[in-house]
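Only the coordinates and a few stated rules stand behind these numbers; no lab work does. No experiment lies behind these values; they were computed from the predicted model shown. Cβ: placed from backbone, ideal geometry, glycine included. Neighbour counts: every protein chain shown.
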Amino acid sequence: MNLYEYQAKELFKKFGISIPAGKHVATEADLQWDKFPVVVKAQVLTGGRGKAGGIKFANDIGDLRAKGKEILAMSIKGLKVRSLLLEEKLEIAKEYYLSVTLDRSTKRPIIIASTSGGMEIEDVEDSKIVKYWIDPTLGYSSFIGREVSFKLGLSPEESKQFQDVLGKIYALYEGYDCELVEINPLVVLKDGKILAGDAKIVVDSDSLFRHKELSENPAERTELEELAFKRGYALVELGGDIGVIANGAGLTMATLDGLTLKGLKPKNFLDLGGSDDVEKVVGAFQILKEAKIRGILINIFGGVTHCDTVANGIAEAKKRVGIGVPIVVRLSGVNEDLGRQILKENGIESYSDMMDAINETVKVVK
């Protein structure tokens, strides 16, 4: 379960991690503040708020109300902004990055830290990132904080505060069964004080029975995701323009990777699952018709879902839905020859190899 920033900072405060003075508001009537300037932050479960205009500075009460109203009316990456976090504007001297997460390859918690804060950690050079894997049987000890801060090259005063924060976020990580606790940026103020400028926490949903004070956040869905959810489809909307229909989460993700490898950007992750139903296939096309796409790639490995069923569904969708964009199909598995024949009779070329289909998608959309 992803926590909103204001929820994450409430947990930070509980564990003694310094945070800016702030207030969570959900309505325009709550837009009140005493000491200006103030930062107005959209509360949505996605990144990129700043670039989307979801973080603004207000210099007086009139400015606050105008900008707060503007952000509350926004959608960011398809997600409606339903509340705001108002915070004091900080006098920042430096920005660091700090997180504790699970490294699934080693099955150990990992501390990730960098002096290049305020940007996506994926964009930071490896030489500027310090990583420390923790033995879960031994847990966290103060010497770990000393070693990490030494590798970062922190001053003695910064090192002392940094170690304190690191120990506390690890305690939070363990205490709340987290998958991720991240501070980006961990800010050093001009007076030398260190505090959490931002906060991101992901809690293992299976552990919520141990944390009664955390209520499950309602799922945030885009309009397309909500439409798919109501019709019984597993769909995640992405930022590209190539519609994707596949069966099985692994195959769908491989399809997204293949498209990205060839320079295309997927619009969605739509998993048909194991249903052998013509109408299920038609319904998937009806959903994608509502999206802004340049083409559709269908990748089916026939097992429970037979290739001829999918082919009949594609043919029906072509007649009834009227997609209006190129369709490329990969069929492999049960009844693939029959499925390929059905598609050919309906003027649709199909492929047995995924990368052949992806290469054809590149041709037809570019």
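Which aspartates and glutamates have a Cα lying under 14 Å from the Cα of Lys363, excluding residues fewer than 8 positions away in the same chain?
Glu349
Output the pairs from Lys13/Lys212; Lys23/Lys151; Lys56/Lys168; Lys14/Lys51 with a Cα-Cα distance over 27 Å in this structure; if there are none, say none. It would help to have the intermediate numbers written out before the result.
Working: Lys13/Lys212 18 Å; Lys23/Lys151 36 Å; Lys56/Lys168 30 Å; Lys14/Lys51 30 Å.
Beyond 27 Å: Lys23/Lys151; Lys56/Lys168; Lys14/Lys51.
Here are some values of Rg and Dmax of the Cα atoms in Å: (1) 24.5, 75; (2) 26.4, 94; (3) 20.3, 67. Which one was computed from this structure?
(1)
Can you compute the helix-only [θ] at 222 nm over the chain? Use -39500 (n - 2.57) per DSSP H run of at least 4 residues, normalise by all residues, nearest 500 deg cm²/dmol. Show your work: numbers first, answer last.
Numbers: 10 runs with 122 residues, N = 366.
Using -39500 (n - 2.57) per qualifying helix, the result is -10500 deg cm²/dmol.
Cα centroid distance between the range 266-331 and the range 11-52, in Å?
If you average the Cα positions of each part, the centres end up 42 Å apart.
Kindly write out, for the range 292-308 in residue order, the coupling ³J(HN,Hα) from the Karplus curve 6.51 cos²θ - 1.76 cosθ + 1.60 (θ = phi - 60°), rounded to whole Hz, with x marking Gly and Pro.
8, 10, 9, x, 10, 10, 10, 10, 10, 10, x, x, 4, 7, 7, 4, 5
State the antiparallel share, in %, of DSSP beta bridges confined to the chain, rounding to the nearest 5.
In the chain, approximately 75 percent of DSSP beta bridges are antiparallel ones.
So what are the ³J(HN,Hα) numbers for the range 78-88, from phi and the Karplus equation (6.51, -1.76, 1.60; θ = phi - 60°), rounded to whole Hz, Gly and Pro as x?
Karplus values, whole Hz, x for Gly and Pro: x, 9, 6, 7, 10, 7, 10, 10, 9, 9, 4.
Which of the aspartates and glutamates could a cross-linker span from Lys289 if the Cα-Cα distance has to be under 18 Å and same-chain partners fewer than 8 positions apart are dropped?
Excluding near neighbours in sequence, the set is Glu223, Glu225, Glu226, Glu237, Asp241, Asp271, Glu279, Glu316.
Using a Debye calculation, one point per C-alpha and no hydration shell, please list log10 I(q)/I(0) for the range 21-88 at q = 0.20, 0.23 Å⁻¹ in order.
Values returned for q = 0.20, 0.23 Å⁻¹ are -0.69, -0.91.
Could you go through the range 68-77 in sequence order and give the Karplus-derived ³J(HN,Hα) for each residue, using 6.51 cos²θ - 1.76 cosθ + 1.60 with θ = phi - 60°, rounded to whole Hz, and x for Gly and Pro?
So the J values, rounded to whole Hz, are x, 4, 5, 5, 5, 8, 8, 10, 10, 6.
Using only C-alpha positions, report the orientation-averaged shadow area of the convex hull of the range 223-365, nm², one decimal. Walk me through the intermediate numbers first.
Values: hull surface 28.1 nm².
Taking the Cα atoms of the range 223-365, their convex hull projects to 7.0 nm² on average.
For Lys107, which lysines qualify as cross-link partners when the Cα separation must be under 18 Å and same-chain residues fewer than eight apart are set aside?
Cα-Cα hits under 18 Å: Lys131.
By counting other Cβ atoms within 10 Å of each Cβ, how are Arg330, Arg104, Arg294, Arg340 ranked from fewest to most? Walk me through the numbers on the way to the answer.
Values: Arg330 26, Arg104 9, Arg294 17, Arg340 21.
Arranged by neighbour count, lowest to highest, Arg330, Arg104, Arg294, Arg340 become Arg104, Arg294, Arg340, Arg330.
Label point 7 Å out from Arg82 along Cα-to-Cβ: which residues of the range 204-235 have amide N under 13 Å?
In the range 204-235, the label zone of Arg82 (backbone N under 13 Å from the point 7 Å along Cα→Cβ) covers 215-222.
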